[in-house]
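Peer 1: Sharing a structure here in structure tokens format.
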Amino acid sequence: MQLWNKLSKEELEVRLREAGYKFVTISFYQYAKIENPQLFRDHLFQMWSNLEVVGRTYVAHEGINAQIAVPTKNITQFRNELYEIDFLDQVRLNIAVDEADAEFPFLKLKIKVRPKILADGLSDDKFDVRDIGKHLSAKEFNELTDQEDTILIDFRNHYESEVGYFKGAITPDVDTFRESLPFIEDEYLKGNEDKNIVMYCTGGIRCEKASAWFKHRGFDKVHQLEGGIINYANQCKEEGIDNKYIGKNFVFDERRAERITEDVISVCHQCGEPADVHTNCANDGCHLLFIQCDSCKEKMENCCSDECKSIIQLSPEEQKELRKGNMVSNKIFKKGRSEKLPFKSNSEKPLSLIEINKE
């Protein structure tokens, strides 16, 4: 059996459209000891290809991290086969809150073997990623974050928290998880060893590792939101719990985000009007991730600048020639840092609440 995809994006879209499937978008992770990640990867690819699963999954010696979409008709078989794998038996599956923003959440199945399922920059042999902080349900999370001696920290990147966050949370201006660990400890945790530390992220994987790391660093009262924002939003709906999250939850598939509340807390990076839709610049040599309102999208033809707008008017051959020798395709994805964006800032964040939590 072929263990990778060979079809183009266009061919994949046609195939999915013709199949007419409805998909359930699912994310899950599990830290575990995998002796042969490549063998496990190949096993998963065969199993999921048979079920017509699409999405992106990373496998490493430390475990698995999956963001996938499963045809509704195959969801029961998918769950049964997944739970037959010992270390994934009864693993929590985070079901997407909102499926409406994209025709297909993913186009193909990609399973990659990586050194780690979450790049962290850590090299401490004594660090045990399985010695995690206390998991909190939505109800427990609300109760603990209402207490004055609690520090609530968003463990996502700047382009994620700019469209949505929990009220009163510290939202660090960082680009990567690797960067966030030392930054958050130095800026917000040192001197606060006696306080409750509560952290959250999209689906829980970053907090799982971060909570273990900070326990390893000597912090005792470490807590994490179980299942992240996705699980929290679903619990609030199912149990009638007060939802303290405002705005959108950024997700790493074609939807870009799930709407949790109707609040629009960010602005278009080009004109400054209220907006919270992320897009990638249409210039294949740029692909800058930024927030763009409908008016600017039409005016700028989905580009981040006049320069990129002029480039997309060229023929595909001329555009390809301009890109030649500059950057390989998987290295040009820039996440919202550019002098071309006059309204990209953190001015919309609740700075007063951040300062209160930091004290």
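The values are calculated or read from the model by the stated rules, or taken from the named source; none is laboratory data. Here the structure is a predicted model, which is why all the values come from computation and not from measurement. Please note: Cβ atoms are built from the backbone with ideal geometry, for glycine as well, and neighbour counts cover all protein chains shown.
Peer 1: Name the single residue that is surrounded by the fewest Cβ atoms within 10 Å (Cβ to Cβ) among those in the stretch 212-231 being over 22 Å from D149 (Cα atoms) and touching a helix residue (DSSP H, G or I) at 6+ places or on another chain (Cβ under 9 Å).
Peer 2: My answer is N231.
Peer 1: Would you check which residues across the stretch 310-326 are assigned to a helix (DSSP H, G or I) and exposed (fewer than 10 other Cβ atoms within 10 Å of the Cβ) and list them? Walk me through it before giving the result.
Peer 2: Residues of the stretch 310-326 assigned to a helix (DSSP H, G or I): 310-311, 316-323.
If the condition is that a residue be assigned to a helix (DSSP H, G or I) and exposed (fewer than 10 other Cβ atoms within 10 Å of the Cβ), then P316, E317 are the ones that fit.
Peer 1: Mind listing whichever residues of the stretch 250-287 are of a type in the set (A, V, I, L, M, F, W, C) and modelled with pLDDT under 90?
Peer 2: Within the stretch 250-287, V251, F252, A257, C286 qualify.
Peer 1: Follow-up question, since we're still on this one. Looking at I117, is it within 14 Å of the chain's Cα centre (by Cα) and farther than 24 Å from K248 by Cβ?
Peer 2: Numbers: within 14 Å of the chain's Cα centre (by Cα): yes; farther than 24 Å from K248 by Cβ: yes.
The answer is yes for I117.
Peer 1: While we're here: Determine which single condition K167 fails, assuming it passes every other condition in (1) modelled with pLDDT of 95 or more; (2) surrounded by fewer than 20 Cβ atoms within 10 Å (Cβ to Cβ).
Peer 2: (1)
Peer 1: Please go through the stretch 141-164 and give me each residue that is hydroxyl-bearing (S, T, Y) and in a helix (DSSP H, G or I), ordered by number. First the steps, then the outcome.
Peer 2: Going through the stretch 141-164, the residues hydroxyl-bearing (S, T, Y) turn out to be 145, 150, 159, 161.
Matches in the stretch 141-164: T145, Y159, S161.
Peer 1: To continue, here is another question. Report, by residue number, each residue of the stretch 233-291 that is assigned to a strand (DSSP E or B), under 19 Å from the mean Cα position of the chain (by Cα) and not hydrophobic (A, V, I, L, M, F, W, C).
Peer 2: Across the stretch 233-291, the qualifying residues are Y245, G247, K248, N249, E258, R259, H278, T279, N280.
Peer 1: For the stretch 165-197, which positions are part of a loop (DSSP other than H, G, I, E, B) and over 14 Å from D154 (Cα atoms)?
Peer 2: Within the stretch 165-197, the subset part of a loop (DSSP other than H, G, I, E, B) is 167-169, 171-176, 190-195.
Once the filter is applied, which keeps residues that are part of a loop (DSSP other than H, G, I, E, B) and over 14 Å from D154 (Cα atoms), the stretch 165-197 yields K190, G191, N192, E193, D194, K195.
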